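Comments concern the structure below.
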Amino acid sequence: SQTIHQWPATLVQPVGSPLSLECTVEGTSNPNLYWYRQAAGRGLQLLFYSVGIGQISSEVPQNLSASRPQDRQFILSSKKLLLSDSGFYLCAWSVFRGRGTGELFFGEGSRLTVL
Amino acid sequence: AQSVTQLDSQVPVFEEAPVELRCNYSSSVSVYLFWYVQYPNQGLQLLLKYLSGSTLVKGINGFEAEFNKSQTSFHLRKPSVHISDTAEYFCAVTTIRSNDYKLSFGAGTTVTVRA
């Protein structure tokens, strides 16, 4: 069966510090991968998605970046965190087009607090 | 582009009472529709999905939803709620032709079940 792992689960970082959140998927190949952010009391905002290694699409301009160094690994990074980067970050995967129904499978989330 | 509107931000309900969460969508092409549930500090879990066929979809934990194409709605219902149903619920849509399966989420509905 497929599983998705996301870490760290909780992170407290000072403003201006770097960030690295990692997500890996097991039990499937060539998945679509996604990073969402959920600010307190708000819905989900799609940050990045990837349909293949090295293929990253950004949905919103910000000081975050994403990379996909391996087929089932997705990394969210920042060189300098802002207060507004605080939130709950969710990684998700879906089956590649033509083989799936669009359903997303989510990780457990990473809560980032920037102080 | 598709979009989703969840008409209720908060729904308080007594235990064993029925609940309905309303979701309207907008899209110029055919869509897949989903309802997800999020418990505090966790990722999202799929409750049910509409792909095609019968407009009444049954999901996990006794939830069901009805797809109404003419009204562009996908309302979620449960005939009798439990305390454990206290959570945030998200409606989501993606277009069938989508290559990347980017789900558009509603802002969420917080359900609070009281004894």
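Here are a few things to note about the model shown:
- Element breakdown for chain A at a 1.4 angstrom probe: carbon and sulfur atoms account for 53% of the accessible area.
- Placed amide H near A:Gln13: partners under 5 Å, 5+ positions off or other chain: A:Thr113, A:Val114, A:Leu115
- What the phi angles of segment B:41-55 give under the Karplus curve with 6.51, -1.76 and 1.60, with θ = phi - 60°, is a coupling list of 6, 10, x, 8, 10, 6, 8, 6, 8, 10, 10, 5, x, 4, 7 Hz, glycine and proline written as x.
- Cα shape, chain A, gyration tensor, a/c 1.5 rule: prolate
- For segment A:13-26, 3J(HN,Hα) per residue [Karplus equation, 6.51 cos²θ - 1.76 cosθ + 1.60, θ = phi - 60°, Hz, x = Gly/Pro]: 10, x, 4, x, 8, x, 9, 8, 10, 10, 9, 10, 10, 10
- Chain A: relative contact order as a whole-number percent, Cα under 8 Å and 6+ apart: 36 percent
- Most mobile listed residue (A:Ser84, A:Ser50, A:Ser67) in chain A, GNM with C-alpha springs under 10 Å: A:Ser84
- Between B and A, buried accessible area from a 1.4 angstrom probe totals roughly 1900 Å², ignoring ligands, DNA and RNA.
- Sequentially through segment A:71-82, phi angles give Karplus couplings (6.51, -1.76, 1.60; θ = phi - 60°) of 4, 10, 10, 9, 10, 10, 9, 8, 7, 9, 6, 10 Hz, Gly and Pro residues having no value and appearing as x.
- Amide H to amide H, with H built 1.01 Å from N, B:Thr86 comes under 5 Å of B:Val113, counting only residues 5 or more places away or on other chains.
- Solvent-accessible area per residue in the protein assembly as shown equals 47 Å², computed with a 1.4 angstrom probe and all protein chains kept.
- All aspartates and glutamates inside 18 Å of A:Lys80 as judged from Cα atoms, apart from same-chain residues fewer than 8 positions distant: A:Glu22
- For chain B: rounded, prolate or oblate by the Cα gyration tensor [a/c cutoff 1.5]: prolate
- Nonlocal amide H pairs with A:Phe96, under 5 Å, H built at 1.01 Å: A:Asn32
- Filter on A:Lys79/B:Lys102; B:Lys49/B:Lys78; B:Lys58/B:Lys78 - keep pairs with C-alpha separation over 20 Å: A:Lys79/B:Lys102
- FRET efficiency for A:Thr101 and B:Asp8, using Cβ-Cβ distance with R0 set to 41 Å, rounded to 0.05: 0.95
The values are calculated or read from the model by the stated rules, or taken from the named source; none is laboratory data. Since the model is a prediction, treat every value here as computed from it, not as a measurement. Note that each Cβ is placed from the backbone with ideal geometry, even for glycine, and that neighbours are counted across all protein chains shown. Just the protein is used for accessible areas: all its heavy atoms, side chains included, with ligands, DNA and RNA removed. Shrake-Rupley method; radii C 1.70, N 1.55, O 1.52, S 1.80 Å.
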